[in-house]
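Below is one structure, written out as structure tokens; comments come after it.
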Amino acid sequence: MTEHLLFVDIDEPGLNTLAVYERRGGYSALRRAFSMAPEAVLDELLASGVRGRGGAGFAMGKKVSFLPKGGMDKYLVCNADESEPGTFKDREIMQKNPHMLIEGLIIAAYAAGITRSFIYIRGEYAQQADILEAAVEEARRAGYIGERILGSDLSLSLWVHRGAGAYICGEETGLLDSLEGKRGNPRLKPPFPANQGLYQGPTLINNVETLATVPSILRLGGEAYAKLGTETSTGTKLVSVSGHVQRPGNYEIELGIPSREIIYGLAGGPPPGRSIKCWFPGGSSSPVLTADDLDVGYDFDSMAKAGSMLGSGAIIVVDDSTPILDVALKVAKFYRHESCGKCTPCREGTNWTVKMLERIGTGEATPMDIEIMASVQEHIIGNCLCVLGDAMAMPIGSMIAKFRGEFEATIEAARERYGLGVAATNGVLAAQGAH
Amino acid sequence: MSSVPRFEHGSRVPGWDDAADLTKDPAEVPDPALVAVPEALRSEIEAEMAKYPERHSAALPALHAAQRVHGWCSPEALDQVACVMRVTPAYLESVATFYDMFDTTPVGRHHVYVCTNISCSLCGADELYAAFSEAVADDADVSLRSFECLGACDIAPMASVDGVYVGPLAVADIAPLLEDVRAGRDVLPDKQLIRRPVADPGANTRDFPAR
């Protein structure tokens with residue numbers, strides 16, 4: 001059985017309240033942190049090797065260490081704009097154990113010398129935001145948020161900020177613009193948020209799960225935490241499994257276990273009589289893998305080596321009853337809708353990819369369209385301010401590469417259906433005496 | 001109620017074809033003496049502004065508040081927010097039109113978002129949305145939209161009904177769901193996400209009573 005750190009007795013009634021959380025030893029990690037120097041807390045985070053749980057997988061301790069030292073206004077923003085299709089793990093934490101997030105956030109603020117913090121939660125999570133706000137209020141009344149917390153030198157403000165429905169606001173710089181009250185357009189990097197983020201001040205941005213892991217790191221000690229998982233992907237991770245599986249839901253796993261164990265062992269695999277056609281290992285932005293990749297270890301580096309990514313830890317399983325064209329079209333339409341429109345390759349690339357995919361269904365596409373579509377994806381990647389375009393180009397590109405035969409057959413079948421197929425065309429050419 | 005032009009996937013068609021009236025100057029920051037703002041709305045927006053070092057940050061919470069009061073981000077609502085926040089209505093309109101949850105055209109009292117993204121559609125969300133559309137076709141009170149991933153793929157296919165997540169939904173659930181909505185009752189209590197235990201069998205060391 002996997003070691004559990006985040007999900008321990010998560011369904012205990014009242015865990016979202018301070019009383020139950022404290023009875024279970026809550027906020028003792030914060031007290032331990034306050035008994036240490038901020039630098040020592042940062043050392044624990046560095047030693048833990050914990051990597052960001054939001055998608056990019058950047059080492060959290062390093063991110064904290066990038067913030068300039070000194071007494072200027074520094075900000076911490078918790079990214080709770082969980083919008084990556086297939087991802088619903090942060091929701092579980094915020095709804096059932098919000099104080100774990102708040103405690104982790106305060107410890108991170110202490111390590112980085114931060115005085116103002118915000119939790120940016122997606123607007124659709126209305127119930128979770130209500131629960132989180134109530135928890136923050138309780139923490140404030142108990143003196144965990146405010147001036148000179150628990151007699152330490154740390155003063156910290158914390159507000160819950162509700163988004164209003166935009167995938168792009170999960171991108172860190174888009175989120176910052178949105179938090180500043182603007183349209184959520186991503187910014188040019190550098191400067192990175194650690195130097196110039198919210199209100200142009202140094203800003204630390206971390207995912208909900210990353211911050212919620214911090215109390216466990218303090219409790220176990222960074223080195224002990226690093227013994228969990230693999231050498232380069234330490235710790236436990238929440239995985240959201242959805243799509244064609246029998247037991248969809250959130251599971252806490254130790255990083256590095258075979259993916260098969262998650263998809264079949266925990267989530268029950270596809271319905272009886274069905275087999276896996278493809279699966280997204282890290283949300284709809286990750287390149288798809290196939291049934292051949294089920295034994296790849298579920299950790300950052302193994303996934304990268306297999307040509308995909310761990311992303312947000314959201315596994316979406318697609319069984320053999322689903323045409324790959326349907327999957328590609330759903331994914332492409334999503335990114336077309338969510339593109340902010342600022343960069344041409346993304347705005348036009350997502351739009352034309354959808355149009356080309358739709359042409360397949362109406363029999364207007366030719367096999368050459370596959371080449372054009374593949375080249376469009378290549379021209380999006382790396383050419384925009386943020387990775388939203390890449391997030392479409394990577395899965396679509398992987399579907400074209402891995403299911404080219406099916407795309408070709410679909411194109412041909414649709415052409416036949418509309419009387420435009422090879423046989424019909426040959427007939428016309430023969431009648432014209434062209435060849 | 002005028003029907004809102006929408007893309008097939010549910011989002012509003014922006015008014016790119018609506019010509020701007022070039023004879024008019026852009027509206028300035030409204031004069032407080034000329035704009036009446038409901039007291040509760042004013043104090044809510046002011047409280048939001050106090051949370052941030054920069055008052056513009058309150059734009060989203062303020063628009064949420066105004067939309068609750070007015071039903072949608074009407075020109076009147078934007079004027080009121082602009083008046084309290086000391087910004088131009090155009091600034092707020094630029095923000096409101098960016099985000100899916102702000103309605104810049106009139107809508108019904110109840111919001112039903114049906115998730116039609118990848119995980120839900122694999123579990124039949126497109127059929128569910130089609131049946132939903134038929135069921136509310138004559139009901140101006142219910143605003144139905146297909147929505148991008150709502151972050152509840154564990155209860156796919158699902159819907160958010162006035163902010164309450166319910167699922168997994170079958171076509172047969174639509175009629176009782178709408179009955180609950182129209183009667184102002186708690187929506188399908190047994191199907192609410194908030195009451196669902198975590199799927200991970202290793203998470204809970206004890207049996208806990210259902211919520």
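For this structure, a couple of remarks:
- You can think of it this way: the chain between A:R140 and A:D9 has 44.7 nm of extra reach, that is 0.36 nm per residue less the Cα-Cα gap.
- Per residue, the convex hull spanned by the Cα atoms of segment B:49-205 measures out at 155 cubic angstrom.
- Taking the empirical scaling 2.2 N^0.38 Å for compact globular proteins as reference, segment A:324-417 has a Cα radius of gyration ratio of 1.02.
- Entries of A:K342/A:K402; A:K89/A:K227; A:K89/B:K191; A:K182/B:K191; A:K62/A:K227 with Cα pairs more than 25 Å apart: A:K342/A:K402; A:K182/B:K191
- 3J(HN,Hα) along segment A:394-401, derived from phi through the Karplus expression 6.51 cos²θ - 1.76 cosθ + 1.60 where θ = phi - 60°, amounts to 5, x, 5, x, 5, 5, 5, 5 Hz, with x in place of Gly and Pro.
- A dipole drawn for the protein assembly as shown from +1 and -1 charges on Cβ atoms has a positive end, and of A:G311, B:L60, B:S133 the residue lying farthest that way is A:G311.
- Where only alpha carbons of segment B:39-96 are counted, the Rg and the Dmax (Å): 9.9, 29
- Chain B - Cys residues lacking any other Cys C-beta under 4.7 Å: B:C73, B:C83, B:C123, B:C149, B:C153
- q = 0.10, 0.12, 0.17 Å⁻¹: log10 I(q)/I(0) that the Debye formula gives for segment A:18-226, counting C-alpha atoms only: -0.37, -0.55, -1.18
- Note on chain B: with a GNM built from Cα contacts shorter than 10 Å, the maximum mean-square fluctuation among B:P61, B:P157, B:P201 falls on B:P201.
- Think of it as helices only: each DSSP H run of n ≥ 4 in the protein assembly as shown is worth -39500 (n - 2.57), and spread over all residues that comes to -12000 deg cm²/dmol at 222 nm.
- Efficiency of FRET from Cβ geometry, A:S321 and A:E364, R₀ 25 Å, rounded to 0.05: 0.45
- Both radii come from the Cα set of segment B:110-195: Rg as radius of gyration, Rh as Kirkwood radius; their ratio Rg/Rh reads 0.92.
- Dipole check for chain B: with +1 at the C-beta of Lys and Arg, -1 at the C-beta of Asp and Glu, and the Cα centre as origin, the magnitude is about 660 Debye.
- Simple Cβ-charge dipole of segment A:277-414, Lys/Arg +1 and Asp/Glu -1, about Cα centre, in debye nearest 20: 520 debye
- Using a Gaussian network model of chain A in which every pair of alpha carbons under 10 angstrom is joined by a spring, one finds that among A:E408, A:E103, A:E416 the greatest mean-square fluctuation is at A:E416.
- Placing +1 on the Cβ of every Lys and Arg and -1 on the Cβ of every Asp and Glu, with no other charges, gives chain A a dipole of roughly 740 debye about its Cα centre.
- On a per residue basis, the convex hull of the C-alpha atoms belonging to the protein assembly as shown measures out at 178 Å³.
- Spin-label pair A:A40-B:A210: with each label point 7 Å from Cα along the Cα-Cβ axis, the two points sit 4.9 nm from one another.
- Between 0 and 90 degrees, the angle of helix A:422-432 with respect to the longest Cα principal axis of chain A falls at about 40 degrees.
- Partner shielding of B:200-210 amounts to 6, given as the average count of beta-carbon atoms from other chains within 10 Å of each residue beta-carbon.
- Per-residue 3J(HN,Hα) values for segment A:350-367, derived from phi via the Karplus relation 6.51 cos²θ - 1.76 cosθ + 1.60 with θ = phi - 60°, read 5, 5, 6, 5, 4, 4, 5, 5, 5, 4, 4, x, 8, x, 8, 7, 10, x Hz in sequence order (x marks Gly and Pro).
- Sorted peptide list for A:164-173, A:252-261, A:139-148, A:110-119, criterion being average Cβ within 10 angstrom, highest first: A:164-173, A:110-119, A:252-261, A:139-148
- Within 10 Å of the Cβ of each residue in B:54-67, the mean number of Cβ atoms contributed by other protein chains is 4.
- Across segment A:299-313, coupling constants 3J(HN,Hα) worked out from phi with the 6.51/-1.76/1.60 Karplus curve, θ = phi - 60°, read 8, 4, 6, 5, 5, 5, 5, 7, x, 9, 8, 6, x, 8, x Hz, and Gly and Pro carry x.
- All Cα pairs of segment A:167-306, percent lying beyond 28 Å: 36 percent
- When the Cα atoms of segment A:236-319 are aligned to their principal axes, the ranges along those axes come out at 32, 23, 20 Å in descending order.
Computed from the coordinates by the stated procedures, all read-outs in this text should not be read as laboratory data. Quantities reported herein were computed from a predicted structural model and do not represent experimental measurements. With ideal geometry, Cβ positions are generated from the backbone for all residues, glycine too; neighbour counts draw on all protein chains shown.
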